[in-house]
Each structure stands twice: as C-alpha cells, then as structure tokens.
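Values in this text are rule-based calculations from the coordinates and carry no lab data. Because the structure is a prediction, the values reported are computed rather than measured. Counting neighbours? That spans all protein chains shown, and the Cβs are built from the backbone with ideal geometry, glycine included.
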Amino acid sequence: MTKTLHGTVALVTGASSGIGEATALALAAEGAAVAVAARRVDRLEDLAGPNRAAGGTVLTIAADIAGQDQARAAVERTVAELGRLDTLVNNAGLMLLGPAAATPVEEWRTMVDVNLLGLMYTTHAALPHLARAAADGPRRVADVVNISSVAGRVAFAMSSAYCASKFGVGAFSEALRQELAGRFVRVGVVEPGSVETELREHNRPEVRAVLEQQFATIERLQAGDVADAVAYIVTRARHVAINELLVRPTEQV
C-alpha cells in the first residue's frame, strides 16, 4: 500500500526533540523523505539512525534558523540533497516567560528572532521550491505548517513577548495563506496547549515552579499528539486545506 507522502520531501525545524522530533517521525511514517534541522546535530543523528535502518531517508542539518543565512542554507541543502521540497514544518521555538518589568530585553529579542523571524526566513527561502512542488510534484500540493500556541490566540500575563511572537505567527500565516491559496501551497497553523516537552525547561527556576504548579493536576499533551495534528494537515486531499488547529489537553481551561 502506497503511503500518502511517498515521493515527497519535508523539512522540519527544531527537530532535535519534542514536537519537531515527533513530527519528523510522523512524516517519515507517511512515506516522506525528511530533512531535520536544529542546533543540536548530535540529537538529530539519534533521531535519524533508526529511520535510516528501517529504510527511510533522513537528512540532518545543523542550523540556527534565527540567522537568515542559516535558515536559507537549510532549505537549499534540503533541495540539493533530497531533490525537492513539498512540506515545511516551522517548529523551532522558545518560550521564555516572566513579568515584563523583570525580564531582560535580550530574552524578548531571542524569542522574536527564533519564533517569528526565523520562521519567516525559512518560509521565504522555501516558497519557490514549494510552489514548484505544487505545480509538478507527485501530490500537486505543498504545505507550510507553522507551530504556534494557544498563546497565539489569547494573551496571558507573564507571557507578553512570547504571546507577541506567536500572535505574529498567526498573522503572518493568514496573510501568506491568502497569497498562496490559488497556487495550491497550503498554509496551516497548529496551536498546542500545554505539552510535555523541554520547552518550559529553558525558563528561570522561579518561572518553571509557577508552570509546574499551574498544570500539576492535568495530563499534558505529548509531542506525538501535536505531530498527529501536523500529519493530518499535510495528508489531506489536494482540495482540502486545514488552516488552523487548536489542540489542548482535555482538562486545560
């Protein structure tokens, strides 16, 4: 039985752990050749090994997509070595929380650079290749999937800059969707609630303590739950576009 994404190529950023890693595995399971990009190339190799052993194609790329040149290079290497690009999953991101008055401005800049500008840089570099895939690829459709957050829909105290970056992802995605709809390059946004990943571990200890207390009584999403949402979006028929998926733990209010 032919897998839905057989013959296609996907690039997943921030793929060294969590949602990115799970998404790369999910797309590979659907038959895609997958390029995985992140700063921690050793973690990427850990992901790639079992997939290659099972007959899959995985390209590992060391890249910090907050730098425009590295974002572009990740896209160009994907196309040069795997031959094409049909699916881009912009997953790389940071969540650095805390009260605005006590937060170093450098943390804000870092989040905007990764969460928003890095996503935009990678998308910009990918668009000509995605348009080509939609015109003559095996499925005659291409996809950009941007991983946002519940915080891209509702603003929360202690999350001002993070929310700003994720609201920006939503706005960029919708404008891009309108521009590309007629060319069969679909643009989707996945907005997870609380997920059991390393993301919150980047915060200062006092912020981590607040987060642990806030979600102590609920069962968080797993990375694979969000990866399922991404795989659902990109495996729809050519005439079906899933533009936005909000995925929360059942108990999260």
Original post:
Hey, any hits in the range 49-69 for a residue that's assigned to a helix (DSSP H, G or I), touching a residue at least 60 places away in the same chain (Cβ under 8 Å) and either surrounded by 14 or more Cβ atoms within 10 Å (Cβ to Cβ) or in contact with a strand residue (DSSP E or B) (Cβ under 6 Å, 6 or more places away or on another chain) (or both)?
Top reply: no
Subject >> helices (runs of 4 or more DSSP H) completely within the range 89-201 that count 3 or more residues being closer than 19 Å to G20 by Cα and touching a Ser or Thr at 6+ places or on another chain (Cβ under 9 Å) >> reply: 119-136, 160-180
Original post:
Quick check: anything in the range 209-217 in contact with a helix residue (DSSP H, G or I) (Cβ under 9 Å, 6 or more places away or on another chain), within 27 Å of L5 (Cα to Cα) and surrounded by fewer than 22 Cβ atoms within 10 Å (Cβ to Cβ)?
Top reply: no
**OP:** Hey, can you tell me all the residues within the range 1-30 that are crowded, with 24+ Cβ neighbours inside 10 Å, part of a loop (DSSP other than H, G, I, E, B) and either of a type in the set (A, V, I, L, M) or touching a residue at least 60 places away in the same chain (Cβ under 8 Å) (or both)?
**Re:** L5, T8, G14, A15
Original post:
Residues in the range 174-196: is at least one under 15 Å from V114 (Cβ atoms) and under 15 Å from the mean Cα position of the chain (by Cα)?
Top reply: no
Original post:
What is the one condition in (1) closer than 24 Å to E191 by Cα; (2) crowded, with 23+ Cβ neighbours inside 10 Å that E107 does not satisfy?
Top reply: (2)
Original post:
Taking V190, is it crowded, with 22+ Cβ neighbours inside 10 Å and in contact with a Pro (Cβ under 8 Å, 6 or more places away or on another chain)?
Top reply: no
